[in-house]
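A.B. asks: Structure incoming, see below.
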Amino acid sequence: AMCLQLLTAVGAVAGTACSLLAEGVGATATAWILPFTAGGFVYIATVTVLPELLVGRSSFGQSLMEILALLFGVGMMVLIAEYE
């Protein structure tokens with residue numbers, strides 16, 4: 001568990017370093033940082049939600065609401081990316 005925590009911390013520091021290095025680049029940095037960040041959020045959401053849906057004894061309605069909330073979050077990221 002400690003090794004995985006260290007890997008997560010190294011990833012956070014690397015992301016911070018990348019964003020600080022790309023600070024003055026402008027639109028070029030946004031073109032690759034935004035999809036990378038959105039992909040990370042989608043990955044974290046699916047890793048958190050899907051195992052919970054498979055293990056838990058939630059009703060069909062609850063499972064449907066969780067999946068719709070996940071898709072709503074992805075949709076909001078798409079809207080932000082389009083209108084940013």
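A.B. asks: If you check every pair at least six apart or on different chains, which have Cβ atoms under 6 Å apart with a residue in the range 59-80 that is farther than 16 Å from Phe36 by Cα first and a residue that is not aromatic (Phe, Trp, Tyr) second?
C.D. replies: Taking only residues 6 or more apart or on different chains, the pairs are Ser63/Leu53; Glu66/Val49; Leu70/Ala45; Leu70/Val49.
A.B. asks: Something else now. Quick check on Val49: is it modelled with pLDDT of 75 or more and among the β-branched types (Val, Ile, Thr)?
C.D. replies: Against the criterion (modelled with pLDDT of 75 or more and among the β-branched types (Val, Ile, Thr)), Val49 does not qualify.
A.B. asks: Condition first: within 8 Å of the chain's Cα centre (by Cα) and open to solvent by 70 Å² or more (accessible area, probe 1.4 Å). Now tell me which residues in the range 35-60 satisfy that.
C.D. replies: Phe41, Tyr43, Ile44
A.B. asks: Please determine, by comparing only the residues of the range 19-34 that are of a type in the set (Ser, Thr, Tyr) and surrounded by 10 or more Cβ atoms within 10 Å (Cβ to Cβ), which one is modelled with the lowest pLDDT.
C.D. replies: For the range 19-34, the residue satisfying everything is Thr30.
The values are calculated or read from the model by the stated rules, or taken from the named source; none is laboratory data. A quick note: this is a predicted structure, and the numbers were derived from the prediction, not measured. Every residue, glycine among them, receives a Cβ derived from its backbone with ideal geometry; neighbour counts consider all protein chains shown. These area figures cover heavy atoms from the full protein model, side chains too; ligands, DNA and RNA do not enter into them. Shrake-Rupley method; radii C 1.70, N 1.55, O 1.52, S 1.80 Å.
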